[in-house]
1. Along the Cα→Cβ direction, 7 angstrom out, place labels at MET22 and THR237. What is the inter-label distance in nm?
2. When only C-alpha pairs under 8 Å and at least 6 residues apart count, what is the relative contact order of the chain, in percent?
3. Tell me the carbon and sulfur percent of the accessible area for segment 30-142, rounded to whole percent, probe radius 1.4 Å.
4. Evaluate E = 1/(1 + (r/R0)^6) for ASP143 and TYR64, where r is the Cβ-Cβ distance and R0 equals 35 Å; express this FRET efficiency to the nearest 0.05.
5. Give the calculated FRET efficiency between LEU217 and PHE54 to the nearest 0.05, with a Förster radius of 25 Å applied to their Cβ-Cβ distance.
6. Contour minus end-to-end for PHE81 and ILE47, with contour as 0.36 nm per residue of separation and end-to-end as the Cα-Cα distance?
7. Could you grab the Rg to Rh ratio for the chain? Cα atoms only, Kirkwood for Rh.
8. If you take the beta carbon distance between VAL262 and SER101 as r and set R0 to 25 Å, what does 1/(1 + (r/R0)^6) give as a FRET efficiency, to the nearest 0.05?
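The values are calculated or read from the model by the stated rules, or taken from the named source; none is laboratory data. What you see is a predicted model; the values in this text were computed from it and never measured. For neighbour counting, all protein chains shown are included, and Cβ atoms are generated from backbone atoms with ideal geometry for every residue, glycine included. These area figures cover heavy atoms from the full protein model, side chains too; ligands, DNA and RNA do not enter into them. Shrake-Rupley method; radii C 1.70, N 1.55, O 1.52, S 1.80 Å.
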Amino acid sequence: MSNKNSITKLNITKLTITFIYMAFLIILLFPIIIMVNTSLKTYSDVISWPPTWFKGNLQWINYYNITFGDKSILMALKNSFIVSASSSLISVVLSILAAYSCSRYKIKIQKYFLLIIISTQMFSPVLLVNPMYIIFRNAGILDTLLSLVIANVATSVPMSVWLLYSYIEVIPIELEESAWIDGCSRLQGIFHIVAPIIIPSIITTGLFSFISSWGDLIFSRSFIVSSNLRTVSMVLTDFQSLYKTTWETQMAASALSTIPTVIIFIIIQKYLIKGMISSGVKG
């Protein structure tokens, strides 16, 4: 009898936990559902009350307009992808080298150096815009995608170094010493021995840098003037005017702008899971 009671309690506990997870999932997905629902309406339906959910003639024309119409965001998506992919790649390479140096070259002020690195994350990008603007102006790279790449790399590297350091720190130095004996240089050892071991953490770090660059608006608004160099975060503000916001096209553009990040998540999700598992085992 007690066995049945324990099984019943276990089932109730599982059902309760499942219900809680589903409730959290619905809460997290609700803004996305609202975005997609709004993107398939006319302006009059958007501002009408009570709101409707996927009823009537779905306005797929909104997606056509923001893809091939006057307010196409394809060029902006291309610019954002170039900036985000470049920033992510450069950030990962620099972070691996910096994290490796912090891990392998022991110095007395190592801990303080790492604290200084992570403390830079306390500064808002707003505080960095003016100094960067002056530097980029003097260097002649204002109104170029290069300025955005440099700015985003500068803001994402500190956190990336901190994330990679904890993984490199637990890799036995003997693995590299064996490679050195076989004729590998230290740099070859980093990219042929260390990097393959920490692939999940590298991908996680690269994803962090990519998303940070993809959603940047402060640097884009400060450094970019030319319309053909605008990023998707800038273009999403074009649907607002003094007296009206075309919510339906803005939500369609927002939905389309999330597709690249969703695709990237789908592709690399197995590496993210490996990273989380290895982190748990390490702890």
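1. For the pair MET22/THR237, the computed spacing is 4.2 nm.
2. Reported relative contact order: 30 percent.
3. 70 percent
4. The computed FRET efficiency comes out at 0.70.
5. Rounded to the nearest 0.05, the efficiency is 0.25.
6. Once the chain is fully extended between PHE81 and ILE47, it gains 8.9 nm.
7. 1.07
8. Once the sixth-power term is evaluated, E becomes 0.10.
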